[in-house]
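Reading through the structure tokens given below for one structure.
Taken together, the values in this text are just the output of simple stated rules run on the coordinates, not laboratory data. It should be emphasised that the depicted structure is a prediction, and the values quoted were computed from it without experimental measurement. Cβ placement follows ideal geometry from the backbone for every residue including glycine, while neighbour counts extend to all protein chains displayed.
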Amino acid sequence: MGKSNLVRFDWAAKRLLRNKSNFVVLEGFLSVLLEDKIRIERILESEGNQQKFDDKFNRVDMLAENSKGELVIIEVQNNRELDYFHRMLYGTSKAITEYINQGDPYANVKKVYSVNIVYFDLGQGDDYVYHGHTEFRGVHTKDVLRLSVQQQEQFVCHDAGDLFPEYYVLRVDEFDKLAKTPLDEWILFLKTGEIAENVTASGLREARERLRVDKLSDAEQKEYERHMEALRYQRSVIQTGWIEGKAEGKAEGIKEGKIEGMKEGMKEGKVEVARSLKQMGLSVEKIAIATGLSIDDIEHLE
């Protein structure tokens, strides 16, 4: 993690990007990712995104509402979690229930986008950006279930699945390519904290100017330094645990291997003894008692 003249995106999301004057950065990022012109109306507070700035888990959760009344969850996760997919599901469900009033019609349920920026290898796959959405497809006809004309007019979408939450997973550490597209430029920034002079992606030019470390107040700079130090410490602890766990596993494996080898050697010795006793004409029962081998094993000896 090299030193950058720009603050990390997760810390910016905690402090800088919540300001209306900096919405242009988030709007650019979301417009590139969702391939739609996104305008943020406001940053909402929910049970999920009321995080302390010194949150020891370094998890950032933002909840925004765009000009269409849709909800966008943006979460940055630095530490590995086996149940992370379940938390994504819980997060969208929570947002839906938090922003509908009791007694409101179901038509008031808001569309939710869940954007997850993770700095660990989540799941198994070859790509660094994944998109998940609901699709209703005919079991027999294989056609996609569409909304009625009246529903399309009311909800301004075509397929039944369009009403359901959509998920984006950005596996930042898996990106190891040249930035050839606007989305790649954003991924590169999320990974390195650097923004090239010739970037074309919406929001990045503004980010290069507004997320500069030297523009922070003295108090903010100290807070940011503490954040980076905490993050380095966390990664060190996790890496140390992984190395120690691997070493213990290897030692245990060697130990188990020696034990298995000894067991295998003892069995081979018993077999040789049994074979000799069998050639001498000793009964199978007596050989079994002498060697501890089963009668079936002894009978099948050549």
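Tabulated values for the structure
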item: Principal axes of the range 110-215: Cα extent on each, largest first, Å; result: 56, 33, 23
item: Listed peptides 145-157, 10-22 by packing density, highest first (mean Cβ within 10 Å); result: 10-22, 145-157
item: Radius 10 Å from Cβ of D162, net charge of other residues (Lys, Arg +1; Asp, Glu -1); result: -1
item: Residues whose placed amide H lies under 5 Å from that of K111, excluding near-sequence neighbours; result: L71
item: Lys/Arg +1, Asp/Glu -1 at C-beta; the range 9-215 dipole; positive extreme among T92, F23, Y106; result: F23
item: Spread of Cα-to-Cα distances over 5 Å intervals beginning at zero, given as percent, for the range 9-215; result: 1, 6, 14, 18, 20, 17, 12, 7, 4, 1, 0, 0, 0
item: Sum of side-chain charges, V199 neighbourhood, beta-carbon under 9 Å (Lys, Arg +1; Asp, Glu -1); result: 0
item: Violating pairs (Cα-Cα greater than 22 angstrom) within the set K14/K222; K111/K177; K68/K142; K37/K111; K14/K215; result: K111/K177; K68/K142
item: Label zone at E35, where the point sits 7 Å out along the Cα-to-Cβ direction: the range 114-135 residues whose backbone N lies under 20 Å; result: 114-117, 126-135
item: The range 9-215, dipole about Cα centre (Lys/Arg Cβ +1, Asp/Glu Cβ -1), debye to the nearest 20; result: 460 debye
item: Cβ crowding within 10 Å averaged over residues, with 128-135, 216-223 ranked highest first; result: 128-135, 216-223
item: Gain in span if fully extended, R42 to R275, counting 0.36 nm per residue against the direct Cα distance; result: 75.5 nm
item: Potential extension, A196-D83 segment - 0.36 nm per residue separation minus Cα distance; result: 37.1 nm
item: Prolate/oblate/rounded label for the range 56-172 (Cα gyration tensor, a/c 1.5); result: oblate
